[in-house]
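Quick notes on the structure that follows.
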Amino acid sequence: MRVGVLTGGGDCPGLNAVIRALVRKGERQFGDELVGFTDGWRGVIEGTTLPLDVERCRGILPRGGTILGSSRTNPYRIEGGVEAVKDNLASLGVDALVAIGGEDTLGVANKLWDEAVPVVGVPKTIDNDLSATELTFGFHTAVQICVDAIDRLHTTAESHDRVMVCEVMGRHAGWIATYAGIAGGAAEILIPEEPFDIADIAERIKRRHDFGRYATIVVVAEGAAPKEGTLALQTGELDQFGHVRLGGVGNLVAAEIEKRTGFETRVTILGHIQRGGTPTAFDRVLATRFGIAAIEAVHEGAFGHMVALQAGDIVRVPLAEAVGELKTVDPDFFGHVVVPFFG
Ligand code: F6P
């Protein structure tokens with residue numbers, strides 16, 4: 001078979017490990033020819049490809065990013081985009097397509113499957129917010145990067161008796177903030193799912209410091225928002241999937257904490273550092289398992305499905321199920337495991 005592969009959306013550590021697994025298993029076991037489309041759906045629209053074979057994939061397992069490139073191009077937002085996708089797949093003789101991406105990339109895959117394009121999905125995002133899979137690769141790496149940073153913030157915070165606000169990614173779901181905050185011993189964790197009250201936060205921080213010199217770490221997800229009417233947030237521009245560009249709530253939170261407590265406060269916005277560099281061993285293994293499962297799904301004709309991790313096993317779920325609803329942090333979990341440690 002001739003199998004196309006693309007990586008779409010924000011990049012994430014482990015993408016190359018998926019590509020490598022697909023290529024090795026596809027070429028060696030099934031005798032496939034793999035074709036890489038460059039820059040996500042843009043490459044399929046424009047018909048720009050890279051040949052993929054075992055030789056070309058040597059050495060990419062530990063490399064972050066994606067050798068195929070990525071973009072947030074949406075064929076449904078470009079005139080003639082969907083027709084171009086279908087025409088190019090036909091003219092390039094591509095029998096099946098593997099789309100590696102998050103909710104946006106897989107949302108497009110799902111719509112194309114409705115139009116009979118043979119596509120299999122692989123879940124990717126550092127945000128870990130895709131339904132139907134317990135984990136996406138990249139999340140573990142991102143959390144580890146955040147925890148390493150928070151550990152470092154602790155020591156400098158202690159030296160200066162400061163409050164350190166650490167802003168992490170997570171637009172609609174606070175998984176990274178929650179896990180990194182727990183593992184990093186944060187005094188406050190602000191996530192999009194639970195609007196925060198800055199007055200309460202400032203009070204708790206004041207109480208902490210009443211007991212002596214304290215290093216206070218506040219982890220803020222970039223999509224965290226104040227309770228209605230308590231603080232104003234600024235908005236940014238939109239991408240092709242209608243998402244606003246975030247980044248900056250940490251500055252606002254830090255300024256308010258300093259103003260309300262009188263304690264010196266500093267901000268670290270980890271930004272794209274969370275997505276760069278080498279994947280953890282865990283993510284390499286998960287990505288490899290997903291790649292193998294995806295090429296098997298192609299050969300079993302399981303189109304319109306995404307591979308997923310459930311109870312330790314790799315399973316297949318309909319794409320529609322995977323992109324129907326975002327997986328957000330469970331309020332019970334947050335209430336039981338996170339909130340009791342506040343302050
Ligand atoms: O891919 C998910 C993500 O990393 C989000 O956590 C973040 O909001 C967004 O991508 C950033 O997008 P960009 O790299 O386009 O600025």
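What to note about this one:
- In this structure the amide hydrogen of LEU130, modeled in the peptide plane, comes within under 5 Å of the amide hydrogens of LYS327, none closer than 5 places in sequence on its chain.
- Entries in LYS111/LYS327; LYS25/LYS124; LYS124/LYS227; LYS111/LYS227; LYS206/LYS227; LYS25/LYS327 that, when Cα-Cα distance is taken, lie over 28 Å: LYS124/LYS227; LYS111/LYS227; LYS25/LYS327
- Label-point separation, ARG204 to HIS336 (7 Å along Cα→Cβ), nm: 1.9
- This model, with +1 at the C-beta of Lys and Arg and -1 at the C-beta of Asp and Glu, gives the chain a dipole about its Cα centre of some 860 debye.
- Distance from the range 220-234 to the range 299-324 (C-alpha centre basis), Å: 35
- In terms of packing, defined here as the mean over residues of other Cβ atoms within 10 angstrom, the peptides 17-23, 107-113, 180-186 line up highest first as 17-23, 107-113, 180-186.
- Charged-residue dipole, Cβ positions (Lys, Arg, Asp, Glu), the range 67-215 about Cα centre, Debye nearest 20: 420
- Other-chain or far-sequence residues with amide H under 5 Å of ILE314's (modelled H): none
- Only one residue of LEU50, VAL317, VAL298 has its Cα farthest out toward the positive end of the dipole of the chain, where Lys and Arg carry +1 and Asp and Glu -1 on Cβ, and that residue is LEU50.
- Our note on the geometry: Cα centres of the range 67-130 and the range 34-56, 12 Å apart.
- Residues whose placed amide H lies under 5 Å from that of CYS166, excluding near-sequence neighbours: VAL218, VAL219, VAL220, THR268
- In this label model, ASP114 and SER159 are separated by 5.6 nm, measuring between points 7 Å along each Cα→Cβ vector.
- Shape category assigned to the chain from the gyration tensor of Cα positions, a/c cut at 1.5: prolate
- Helix 281-299 vs. the chain, principal-axis angle (Cα, 0 to 90°, nearest 10): 30
- Principal-axis tilt of helix 15-25 within the chain, Cα atoms, nearest 10 degrees: 30
- When the chain is treated as a GNM with alpha-carbon contacts under 10 Å, the residue of PHE263, PHE37, PHE303 showing the greatest mean-square fluctuation is PHE263.
- Computed from point charges on the beta carbon alone (+1 for Lys and Arg, -1 for Asp and Glu), the dipole magnitude for the range 141-275 about its Cα centre is near 220 Debye.
- Highest-MSF residue in the chain out of ILE189, ILE273, ILE45 [GNM, Cα springs under 10 Å]: ILE273
- Scaling against 2.2 N^0.38 Å puts the C-alpha radius of gyration of the range 26-143 at 1.09.
- Normalising by residue count, the range 141-275 has a Cα convex hull of 98 Å³ per residue.
- Cα-based helix-to-principal-axis angle, 103-114 vs the chain, degrees rounded to 10: 30
- Largest GNM mean-square fluctuation among ALA225, ALA84, ALA96, using the chain with Cα springs under 10 Å: ALA84.
- Peptides ranked, highest mean first, by Cβ atoms within 10 Å: ranges 68-78, 115-125: 115-125, 68-78
- Cut-off 18 Å (backbone N to label point 7 Å along Cα→Cβ of THR230), residues of the range 326-343: 331-332, 334-336, 338-343
Throughout, read-outs are computed from the coordinates displayed, never taken from laboratory work. Since the structure is predicted, the reported quantities are computational estimates derived from the model, not experimental observations. So basically every Cβ, Gly included, is an ideal-geometry build from the backbone, and we count neighbours across all protein chains shown.
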